[in-house]
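**Q** After the structure tokens below, expect a handful of questions from me.
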Amino acid sequence: MNISFTQSSLDLRERFFSLLDSLSALRALSQINLEDVDEGQLIDQALNELVRYQSLDQCSVFRLDGDLLHCIAGLGMIDSQAHLNGTTVSRIRPLMSFRPGEGIVGIAYKTGQLQYCRDCSQSHDFVVPPTAGGDIPGSLVCAPIKMGNQVLGVLNASHPMPEFFEPWQQHTLSLFSSCLGQILYNHRMLHDLERMIDQRTRELEQALNEANELRHRYEQLSVIDELTGLNNRRYFFREAAAMVARAVRYRKRCSLVLIDVDHFKRINDRWGHQKGDQVLIALAQLLSEEVRGGDMLARMGGEEFVIMLPETGVEGADLMAQRIQERLLRLGSALDLSGTEVTVSIGITSLAEDADPALSSSTLVDVLYAEADRAMYDAKEQGRNQRIIHQN
């Protein structure tokens, strides 16, 4: 047998399996799940696959941070074997750094071209890092990690033997670094998108919360009297209809008390609108103290207030109206009105026992309000500071 032919066959076979290993490394790189790892973990996995399939002594990745290229990841054959055996390797990455253009790494970064140092001990461009401890690789390949024209970093691969890397191996490392550059770019795009989505989601949630707060505030303002803090006319007619509907359904009593301040214009004219506002605020506080938990109190506008009393007849409503008038006797002096009394005219009515169930609850509220309003004006015509009960 021809020995040279046999040797050539063995070399061809070895190169064939080396090519398969190269393809396996690229395939393993492409199968890394970008969603479940951060960039550091991605680079560690990529280096592990490279060492595993290319039988490299050492490989590392440098990335520009500020003005220096720093080693952000490094892996050796021992580390890769430990990983395959399921052993956790705790290693401290050397704090190597180079300026762009300095050493083989810096030249690869600055030029954007693969650099091959055949014999590091004889190369003028090779720079021995301070952390090397006297260990110098035999040969070194530095391949720029690129995305288009942008250099993202540098991939280093070294071997103890000089002249170790053949052209096809250099080409494989160049392909690997290009694929790694694309994957790093995609990883950054993916996670930048996730961060952007998270940020936008937070912004939208904040905007939604602010909108809900504004809506809630608007709803409050739409049903709350700004001066006194009581419910307003809009709220009264909406909620009173529900109270009356329940009273009709369960055949319960329900009364309405309408209160209007006597000669309120005189108070404004003599003491000013600010003092008039103080009177309304004090009256609102007094009424709030008199109503029960289930009652509804509202300011209807101007100097007019209304109280809806569920499960209460005209007798109970009249007792409340009497207490209100008695307490008002002390309000003038409390507000320093110099002897001017604050009095009110009050109209009282109650839901008729024979109320027509065919009428809507809102119509029945209108009826109650009109009856109390007539009774209140009767009280004013009879000298004010009166309370009149409307007779059904």
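**Q** Has segment 60-72 got any residue that is at pLDDT below 85 and aliphatic (A, V, I, L, M)?
**A** Taking segment 60-72 first, the residues at pLDDT below 85 are none.
No, every residue in segment 60-72 fails to be at pLDDT below 85 and aliphatic (A, V, I, L, M).
**Q** Same structure again: For segment 347-385, how many residues are over 25 Å from ARG246 (Cα atoms), out of contact with any Asp or Glu (no Cβ under 8 Å at 6 or more places or on another chain) and crowded, with 18+ Cβ neighbours inside 10 Å?
**A** Matching residues across segment 347-385 total 1.
**Q** Oh, and also: So which residues in segment 278-314 are within 14 Å of LEU328 (Cα to Cα) and of a type in the set (A, V, I, L, M)?
**A** Within segment 278-314, VAL279, LEU280, ILE281, ALA282, LEU283, ALA284, LEU286, LEU287 meet the criteria.
**Q** While we're here: Please tell me if SER350 is out of contact with any strand residue (DSSP E or B) (no Cβ under 9 Å at 6 or more places or on another chain) and polar (S, T, N, Q).
**A** Details: out of contact with any strand residue (DSSP E or B) (no Cβ under 9 Å at 6 or more places or on another chain): no; polar (S, T, N, Q): yes.
No.
**Q** Given (1) at pLDDT below 75; (2) out of contact with any strand residue (DSSP E or B) (no Cβ under 7 Å at 6 or more places or on another chain); (3) open to solvent by less than 50 Å² (accessible area, probe 1.4 Å), identify the lone condition not met by LEU56.
**A** For LEU56, the exception is condition (2).
**Q** Can you pull out the residues in segment 315-337 that are farther than 16 Å from SER350 by Cα and assigned to a helix (DSSP H, G or I)? If you could, list the steps in order and put the result at the bottom.
**A** Filtering segment 315-337 for residues farther than 16 Å from SER350 by Cα gives 322-337.
Once the filter is applied, which keeps residues that are farther than 16 Å from SER350 by Cα and assigned to a helix (DSSP H, G or I), segment 315-337 yields GLN322, ARG323, ILE324, GLN325, GLU326, ARG327, LEU328, LEU331, GLY332, SER333, ALA334.
**Q** Does any residue of segment 96-114 turn out to be touching a strand residue (DSSP E or B) at 6+ places or on another chain (Cβ under 9 Å) and at pLDDT below 90? Break it down into steps so the answer makes sense when it comes.
**A** Step one: of segment 96-114, the residues touching a strand residue (DSSP E or B) at 6+ places or on another chain (Cβ under 9 Å) are 96-100, 102-114.
Checking which are at pLDDT below 90 leaves us with 96-97.
Scanning segment 96-114, I find at least one residue that is touching a strand residue (DSSP E or B) at 6+ places or on another chain (Cβ under 9 Å) and at pLDDT below 90, so the answer is yes.
**Q** Check THR312 against each of (1) within 23 Å of ARG384 (Cβ to Cβ); (2) part of a loop (DSSP other than H, G, I, E, B) and name the one condition it does not meet.
**A** For THR312, the failing item is (1).
The values are calculated or read from the model by the stated rules, or taken from the named source; none is laboratory data. All values reported here derive from a predicted model rather than from experimental measurement. No Cβ is skipped: glycine too gets one built from the backbone with ideal geometry, and neighbour counts run over all protein chains shown. Surface areas here come from the heavy atoms of the whole protein model, side chains and all, with no ligands, DNA or RNA. Shrake-Rupley method; radii C 1.70, N 1.55, O 1.52, S 1.80 Å.
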